[in-house]
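Peer 1: My structure is below; once you've seen it, I'll send some questions.
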Amino acid sequence: MDLFEYMRNTAKEKESPLAARLRPRTLDEVVGQQHIIGRDKLLYRAIRADKLSSLIFYGPPGTGKTTLAKVIAGTTSSEFKQINATMAGKKDMEEVVTAAKDALGMYGKRTILFVDEIHRFNKGQQDYLLPFVEDGTIILIGATTENPYFEVNGALISRSMIFELKPLSVGDIKELIGRALTDSERGLGIYGAEITDEALDALADISGGDARHALNAIELAVMTTDKSEDGKIHITLPVIEECIQKRVVRFDKDGDNHYDTISAFIKSMRGSDPDAALYYLAKMLYAGEDVRFIARRIMICASEDVGNADPQALVVAVAAAQAVERIGMPESQLILSQAVTYVATAPKSNSSCGIYEAMDAVRNTGSLPVPPHLQDAHYKGAAKLGHGTGYKYAHDYPNHYVKQQYLPYELDGKEFYKPSDNGYEKKIAEHMKRIKSEAEGTSKE
């Protein structure tokens, strides 16, 4: 690198966004993701030893996928190439492969290819890379915000290690903001800015685990706020709200307000009030609640409060949970809204809660014996023990039903499932009553 190129790169770095300037240069500078880069973890050891196989980093924006690739670039002795799948074409990949073959053949040096947003590659582009990954010409590192099991070629998946990056914790975000405000070399330390605890809490919470979002906001706050009479820049909650163009909702994910809101959300669905349910859904989404947590609560409500009154409620809730995993925000708010309004307006029944009464019976009575005629008869000697003897095969009888003892004899007549008169469950109750009545009539004849 000559002097002019060095000066150009230095000037470019100074003009780069804060998130780019503060990007960690070593593993020890990386904040968060200790479940995959902790000192005792495989990925940490592999990077330090420069013994990498192909990798795919999967996770939400701002969680460190590109950062880890850059750290690897700074620590590896291999050649490092980077392309973005949204802009790269086959020609770009051919150039990388050609250079990789030359480096391996002439110098015995392997090449690491980092493909950002690898899910944007079509099947043909992914297939092109496969043989070169397979023969070791290229070590592939892919980064994607989408589930790779849906979006990446199965053959590439089978030849790669998948690492899921999680949204950064509130504590991680606070640490990054602290670094940004105190680092005078790459951060904002020269401006003498201070942030109030209230503003720091709000920014860390509303960033939703996205480091880039938090750093962009704090940079804007510092650069647009005048110094006070004491010569310092004071970043307060109103300043943060203005910079992120979003009013901070009082919603502490670990405090009472969190539990109050989710409680009201569930009770509104249970109470068949879709308007209130949507309001509390919006409040949680606005405050950055994990959509997967919300989806889990909808699934539980679909079983606990709707149940067989509308069996489709659980189907819709499960489909919504799977969809938000795959699609992400902001589109997931529509999917959650559909599920919430379906569950809220569905006929209600809590008859599935009969499982709790059944659990109590097991707990209180111990392990009661299974009636002999229901016991397994598919082994030699079972008949001598009386196992299976006298069992009536339901499909041999009218309505595919025959009365016989199914519960342990000690619980004869006990009812755990009591269908309600709502929705489809009313049909269930009528059906059960009819087949039992007809069976009684047949037995009397």
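Peer 1: Where a Cα-Cα gap under 12 Å defines reach, which aspartates and glutamates qualify for LYS427, not counting those fewer than 8 residues away within the same chain?
Peer 2: ASP310
Peer 1: When a/c is below 1.5 the answer is rounded, else prolate if a/b is larger than b/c, else oblate, so apply that to segment 33-164 with a ≥ b ≥ c taken from the square roots of the Cα gyration tensor eigenvalues.
Peer 2: oblate
Peer 1: So, one more: At what distance in angstrom do the alpha carbon centres of segment 97-123 and segment 284-362 lie from each other?
Peer 2: Segment 97-123 and segment 284-362 have Cα centres separated by 45 Å.
Peer 1: I've got another one for you. Exposure proxy check: THR75, THR182, THR261 ranked by fewest other beta carbons within 10 Å?
Peer 2: THR182, THR75, THR261
Peer 1: Decide, for segment 306-429, between rounded, prolate and oblate: order the square roots of the alpha carbon gyration tensor eigenvalues as a ≥ b ≥ c, take rounded if a/c falls under 1.5, and otherwise choose prolate if a/b is larger than b/c, else oblate.
Peer 2: Cα axes put segment 306-429 in the prolate bin.
Peer 1: Work out, step by step, the length gained on full extension between MET106 and LEU130: first 0.36 nm times the residue separation, then minus their alpha carbon distance; give nm to one decimal.
Peer 2: Gain on stretching MET106 to LEU130: 6.4 nm.
Peer 1: Same structure, new question: How far is it, in nm, from the label point at MET161 to the one at GLU146 when both lie 7 Å from their Cα along the line to the Cβ?
Peer 2: Distance between the two pseudo-spin positions: 2.6 nm.
Peer 1: At a Förster radius of 41 Å, what calculated FRET efficiency corresponds to the Cβ-Cβ distance of ASP28 and GLN338, to the nearest 0.05?
Peer 2: With a Förster radius of 41 Å, E is 0.35.
Peer 1: Moving to a separate point now. ASP290 to SER77: FRET efficiency via 1/(1 + (r/R0)^6), r the Cβ-Cβ distance, R0 45 Å, to the nearest 0.05?
Peer 2: 0.70
Peer 1: If you take the square roots of the eigenvalues of the alpha-carbon gyration tensor of segment 134-178 and sort them as a ≥ b ≥ c, do you get rounded (a/c under 1.5), prolate (a/b over b/c) or oblate?
Peer 2: In terms of gyration-tensor shape, prolate.
Peer 1: Would you mind ranking VAL31, VAL222 so that the residue whose beta carbon has the fewest other beta carbons within 10 Å leads the list?
Peer 2: If I rank by nearby Cβ atoms, fewest first, I get VAL31, VAL222.
Peer 1: Taking amide H atoms as placed 1.01 Å from N in the peptide plane, list the residues 5 or more away in sequence, or in a different chain, whose amide H sits under 5 Å from that of GLN82.
Peer 2: So GLN82 has HN proximity to PHE114.
Peer 1: Could you list LYS65, LYS90 so that the one with the fewest beta carbons within 10 Å of its beta carbon is first and the one with the most is last?
Peer 2: With the fewest neighbours first, LYS65, LYS90 line up as LYS90, LYS65.
Peer 1: Express in nm, to one decimal, how much length is gained between MET223 and VAL362 on full extension, taking 0.36 nm for each residue of separation and deducting their alpha carbon distance.
Peer 2: Stretched fully, the MET223-VAL362 segment lengthens by 43.5 nm.
Peer 1: Any idea what the relative contact order of the chain is, in percent, if you count C-alpha pairs under 8 Å spaced at least 6 apart?
Peer 2: RCO, the chain: 11 percent.
Peer 1: Express in nm, to one decimal, how much length is gained between ILE300 and ASP197 on full extension, taking 0.36 nm for each residue of separation and deducting their alpha carbon distance.
Peer 2: Difference between extended and current length: 33.5 nm.
Peer 1: Extent of segment 170-244 along each principal axis, from alpha carbon coordinates, in Å, largest to smallest?
Peer 2: 33, 27, 17
Peer 1: On to the next question. To the nearest 0.05, how large is the calculated FRET efficiency for GLU325 and THR389 if R₀ is 41 Å and r is the Cβ-Cβ distance?
Peer 2: With a Förster radius of 41 Å, E is 0.25.
Rule-based calculations on the coordinates, nothing more; no lab input. These numbers were taken from a predicted model, which means no experiment stands behind them. Virtual Cβ from ideal backbone geometry, glycine too; neighbours counted across all protein chains shown.
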